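Colleague: Pasting in a structure now, in structure tokens, and then I'll have a few things to ask.
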Amino acid sequence: MALLTVTDALDQILGDVAVADIENVSLHNATARVLARDLKASRNQPPFRSSAMDGYAIRADNVRELPTKLQIIGEAAAGYFFPDALHNWEAVRIFTGAPVPEGADTVVMQEKTERDGAFVSILEAVTKGSNIRDCGQDFKKDDILLKRGTELTYRHLALAAAMNHAVLPVYRRPVIAILSTGDELVLPGETPSDSQIIAANNFAIASYAQTIGADIMDLGIARDDMTEIATTIEKAVAARVDCLVTIGGVSVGDHDLVQEALKKAGMDLKFWRIAMRPGKPLLAGKLGNTHVLGLPGNPVSSMTCALLFLQPMIRKMLGKDTPYEIRQAISGHALPANDHRQSYMRARTHMDEAGRTVASLFSDQDSSKMASFAQADCLIVRPANAPASEAGAPCQILSL
Ligand code: AMP
Ligand code: MG
């Protein structure tokens with residue numbers, strides 16, 4: 001039977017992924033969260049005509065010759081309305097952000113004046129209306145300024161605060177449980193026996209999931225033992241996590257027990273094995289309401305599958321429709337013809353003299369090699385059955 005394509009596999013995974021529910025968080029807790037509703041301004045900004053400078057509020061028509069001497073009738077500070085109206089030949093000492101007094105139409109910068117007790121001389125010509133910020137010139141009441149789906153940064157939070165929103169509706173961060181499997185694995189910092197290696201993928205997947213906007217539940221390392229794997233799967237189910245990601249143990253070896261353990265726990269299998277390189281043994285299913293992704297153990301396969309399948313899942317839970325972005329580049333090397341499996345090849349990009357992005361392939365694409373994955377900055381995407389191509393030919397890349 002032909003293996004499922006990457007696109008079909010993604011469709012099957014995303015088919016029943018629902019958007020996470022909405023929670024309200026304070027501004028201080030909203031960084032990098034995804035806005036779950038459009039946000040309207042509840043007031044005008046600025047809410048009144050305000051001064052853009054420290055200087056003097058005047059009437060421009062009064063300045064017919066230079067210098068013009070005006071009488072200072074008081075002071076307008078930020079936070080207070082000036083109680084009186086300004087008349088001809090009068091000036092009000094004013095500060096940045098203060099409401100402009102009624103009757104004034106211009107603010108003259110302090111630097112263009114000279115004060116003499118209760119009088120001020122205007123030394124330079126003025127343009128009517130200058131240095132005044134009109135009411136609502138930044139934004140108006142009921143303007144929708146932040147759209148649902150916005151990933152909130154300091155810039156958005158400044159705006160939300162100015163719009164007078166103290167709490168923001170955001171999508172709950174999905175919880176991703178991560179289970180590593182393998183007798184050969186020990187945690188970093190522990191002392192491995194000569195036949196063991198250090199577990200690495202679980203840290204990659206955890207960090208990656210957090211970067212995209214999820215929280216993680218670290219289930220540690222289960223030995224290649226049915227009971228131990230089953231017990232750990234139960235923990236994830238009991239915690240009602242959004243997705244259980246397993247690492248390793250999904251190939252065809254005698255010690256690959258994850259699929260059987262998941263099925264015993266009641267998982268409905270969506271698929272196992274797809275037409276992809278690296279990452280062929282990928283498994284997907286559903287355990288009650290928990291999505292299950294069984295990632296292959298080889299580090300590059302694991303991380304590539306996370307990029308292609310876990311990322312879109314989390315993004316969809318956070319209300320985003322685009323799974324990831326494929327860009328056009330120029331291949332720095334000749335590429336061999338591809339077989340029936342869509343390939344993702346480690347490469348590094350640079351800009352050529354013409355300003356084009358050139359992606360240069362790493363010579364060794366072994367899926368166990370983490371060093372080159374860390375050095376790469378993109379994956380060249382080779383569609384199934386792509387013909388051989390020359391150096392300099394267009395190619396598609398997926399940014400890492
Ligand atoms: P498996 O899919 O369990 O046969 O694992 C394939 C390869 O990936 C083996 O060489 C494992 O030792 C390795 N591997 C599995 N899990 C991890 C992990 N968490 N970190 C690093 N390597 C791993
Ligand atoms: Mg294993």
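The values are calculated or read from the model by the stated rules, or taken from the named source; none is laboratory data. For clarity, every value in this text was computed on a predicted model and none was experimentally measured. Glycine gets a Cβ as well: all are built from the backbone with ideal geometry, and neighbour counts include every protein chain shown. Ligands, DNA and RNA are stripped out before the accessible areas are found, and what is left, the full protein with its side chains, is counted by its heavy atoms. Shrake-Rupley method; radii C 1.70, N 1.55, O 1.52, S 1.80 Å.
Colleague: Heavy atoms only, probe 1.4 Å: what % of the accessible area of region 1-92 goes to carbon and sulfur, would you let me know?
Modeller: Within region 1-92, the accessible surface is 50 percent carbon and sulfur.
Colleague: Sticking with the crude label model, points 7 Å out along Cα→Cβ, report the distance from Y154 to E124 in nm, one decimal please.
Modeller: Reported label-point gap for Y154 and E124 is 3.2 nm.
Colleague: Taking only protein heavy atoms into account and a 1.4 Å probe, give the accessible area per residue of the chain in Å².
Modeller: Averaged over the residues of the chain, the accessible area is 49 Å².
Colleague: Another question, if that's okay. By how many nm would the segment from L400 to T191 grow when fully extended, if each residue of separation counts as 0.36 nm and the alpha-carbon distance is taken off?
Modeller: 72.1 nm
Colleague: Sticking with this one: For each pair in K147/K235; K264/K369; K264/K316; K235/K270, compute the distance between the two Cα atoms and list the pairs where it is over 31 Å.
Modeller: The pairs that break the limit, which is 31 Å between Cα atoms, are K147/K235; K264/K369.
Colleague: Please give the contour-minus-distance gain from E65 to T96: 0.36 nm per residue of separation, less the Cα-Cα distance, rounded to one decimal in nm.
Modeller: Working it through step by step, the gained length comes to 8.5 nm.
Colleague: Further question on the same structure: For region 1-77, give the magnitude of the charge dipole about the Cα centre (Cβ charges: +1 Lys/Arg, -1 Asp/Glu; no others), in debye to the nearest 20.
Modeller: 680 debye
Colleague: Out of region 144-235, which GluC sites (Glu not before Pro) are coil in DSSP terms and have no more than 13 other C-beta atoms within 10 Å?
Modeller: The qualifying sites are E190.
Colleague: Report the longest stretch of the chain that contains none of the trypsin sites (Lys or Arg not before Pro) sitting in a DSSP loop with at most 12 other Cβ atoms within 10 Å.
Modeller: 241-400
Colleague: Can you give me the distance in nm between label points at R43 and V25, each placed 7 Å from the Cα along the Cα-to-Cβ direction?
Modeller: Once both label points are built, they end up 2.6 nm from each other.
Colleague: Suppose we keep just the DSSP beta bridges with both residues in the chain; what percent of those would be antiparallel, to 5?
Modeller: Given both bridge residues lie in the chain, the antiparallel proportion sits at roughly 70 percent.
Colleague: Quickly estimate the mean residue ellipticity at 222 nm for the chain, helices only: each DSSP H run with n ≥ 4 gives -39500 (n - 2.57), and the total goes over all residues, rounded to 500.
Modeller: It lands at -5000 deg cm²/dmol.
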